[in-house]
Amino acid sequence: MDPESMKWIGAAIAIGAGALGPGIGIGLLGYGAMTALGRNPEARGPIMTNMILAIAFAEAIAIYALIVAILLIFVA
Amino acid sequence: MARLSRWQKIGLITLVALLLLVLGCLYFPVPKPHVELAPEKLWTPGGFPITNTMITAWLTIVVLGLLCYFATRRMKLVPTGLQNVVEYAVEMLINFTENVAGKEHGRKFFPVVATIFIFVIANAWLSLLPGFMSIGFWHGEGEEQVLVPLFRGANTDVNVPLALALISFVFVEYWGIRSHGFLRYVRKFANVGRLFSGVRQVMRGHIRSGMGSIFNGIIDAFVGLVEFISEVVRIVSFTFRLFGNMTAGEILIFSMLFLIPWVAALPFYGLEVFIGFVQALIFCGLTLVFLVIAVTPHEEH
């Protein structure tokens, strides 16, 4: 296979497999936050703040995968 | 023509708009968007390259400066107008900082954290205005002419998030050292106290307890090393989180604009506004959290 098509396939695999983990992670975070919110609706402020913070950490990994895919398509 | 009802007017206008859209797509073909990750250099006066993201960052600084100048020109005790808006933003930021860091630390950390937030959000939102990435110069000749835009969002250049990440790293270390003292702060990362006391015990003759202490000491030292590495890797993660989000958003809007002009990009502009706000909040929030971790007193065993 020629390098051009390998680059496209590589970019697709990079972002496809790279978004799996963070997707599941963010879902788990949301589940935990909803559970906590259901048990203690008064603690809405700290729960939301910490949930957004943790989601940012998880999303950063997906962004790394996106960077690799963009690099493959536009720079390599 | 009989009087058209309101719904009929809306239907007619929609039909005309769709017809114009289809005709435009057929008769005015649009080239594929050209995307470059590295910022393009526009001029190099005296060997110093000026890129388009640099110009946009200067524009952001000018806009923020003018905003603050006009908000504080004739200050009243009960604020109205622009002063009210700016005071609202400052009050939100200081409430956020004090909620996370406590009252006295919050007041100390407020300048750095608020500056990072305001700079990132101003860069992100300014790059959504019309004129960014569309007004520029044509480089190259003939078929391969490429539009080099004059303004490009400053967060899409790796250097700007890297600079902010380095600033946040330096301030985290500075405040950690200032609140703990240099030696105690370094001891958090080079945790060899138990290792050396274990070696001293072995040399004095208590072999068994000495070996236990040496073992625990090695684990402590390893944990300290991992913490130091995670401090440094934080720079990389901050940089690429902001850069990746902003660049991906810009490329997304580009692709949508070249797909169906005007229409397809509208929801993505809304998404970009939200993402700009969230990324600024994340950057300053994470800096704040790491600052709080760095200044909390290390509990003794």
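The values are calculated or read from the model by the stated rules, or taken from the named source; none is laboratory data. The model shown is predicted, which means the values in this text are computed figures rather than measured ones. Quick reminder, even Gly has a Cβ in these numbers, built from the backbone with ideal geometry, and neighbours come from all protein chains shown.
Which residue out of B:Phe132, B:Phe70 is among the aromatic types (Phe, Trp, Tyr) and part of a helix (DSSP H, G or I)?
B:Phe70
Only one of these is out of contact with any strand residue (DSSP E or B) (no Cβ under 9 Å at 6 or more places or on another chain), within 14 Å of chain A (Cβ to nearest Cβ) and more than 30 Å from B:Gln145 (Cβ to Cβ): B:Asn99, B:Asn84. Name it.
Only one candidate qualifies: B:Asn99.
Can you tell me how many residues in segment B:251-297 are more than 14 Å from every other protein chain (Cβ to nearest Cβ), within 23 Å of B:Tyr185 (Cβ to Cβ) and in contact with a Phe, Trp or Tyr (Cβ under 9 Å, 6 or more places away or on another chain)?
Number of matching residues: 2.
Going by the structure shown, is A:Gly25 away from chain B (no Cβ under 13 Å), surrounded by 16 or more Cβ atoms within 10 Å (Cβ to Cβ) and within 12 Å of the chain's Cα centre (by Cα)?
yes
Exactly one of (1) modelled with pLDDT under 95; (2) away from chain B (no Cβ under 11 Å); (3) buried (at least 17 other Cβ atoms within 10 Å of the Cβ) is unmet by A:Glu59. Its number?
Failing condition for A:Glu59: (2).
Does B:Phe96 qualify as being modelled with pLDDT of 95 or more and within 21 Å of the chain's Cα centre (by Cα)?
No.
It is to be established whether one or more residues within segment A:49-56 are under 24 Å from B:Val158 (Cβ atoms), exposed (fewer than 12 other Cβ atoms within 10 Å of the Cβ) and within 11 Å of chain B (Cβ to nearest Cβ).
no
Tell me whether segment B:239-259 contains one or more residues that are touching a Ser or Thr at 6+ places or on another chain (Cβ under 9 Å) and either more than 30 Å from A:Ile70 (Cβ to Cβ) or among the acidic types (Asp, Glu) (or both).
yes
Which ones in segment A:30-46 are within 14 Å of chain B (Cβ to nearest Cβ) and under 20 Å from the mean Cα position of the chain (by Cα)?
none
Tally the residues that are in a loop (DSSP other than H, G, I, E, B), away from chain A (no Cβ under 14 Å) and not aromatic (Phe, Trp, Tyr), restricting the search to segment B:24-67.
5
Just name the residue that is nearest to B:Ile235 (Cα to Cα) out of those in segment B:136-175 that are among the charged types (D, E, K, R) and assigned to a helix (DSSP H, G or I).
Here the answer is B:Glu173.
What is the one condition in (1) in a helix (DSSP H, G or I); (2) over 25 Å from the mean Cα position of the chain (by Cα) that B:Pro79 does not satisfy?
(1)
In segment B:228-249, which residue that is more than 10 Å from the chain's Cα centre (by Cα) and among the hydrophobic types (A, V, I, L, M, F, W, C) is farthest from the other protein chains (Cβ to nearest Cβ)?
This residue is B:Phe228.
So B:Thr44 ticks every box in (1) surrounded by 14 or more Cβ atoms within 10 Å (Cβ to Cβ); (2) in contact with a strand residue (DSSP E or B) (Cβ under 9 Å, 6 or more places away or on another chain) but one. Which box is left unticked?
The failed condition is (1).
If we scan segment B:110-123, do we find a residue that is surrounded by 19 or more Cβ atoms within 10 Å (Cβ to Cβ) and within 19 Å of B:Glu36 (Cβ to Cβ)?
yes
Using the structure shown, decide if A:Ile67 is in contact with a Phe, Trp or Tyr (Cβ under 7 Å, 6 or more places away or on another chain), within 11 Å of chain B (Cβ to nearest Cβ) and either hydrophobic (A, V, I, L, M, F, W, C) or part of a helix (DSSP H, G or I) (or both).
yes
Of the residues B:Thr56, B:Thr14, B:Thr97, which is under 28 Å from B:Phe132 (Cα atoms) and of a type in the set (S, T, N, Q)?
Every option except B:Thr56 fails the conditions.
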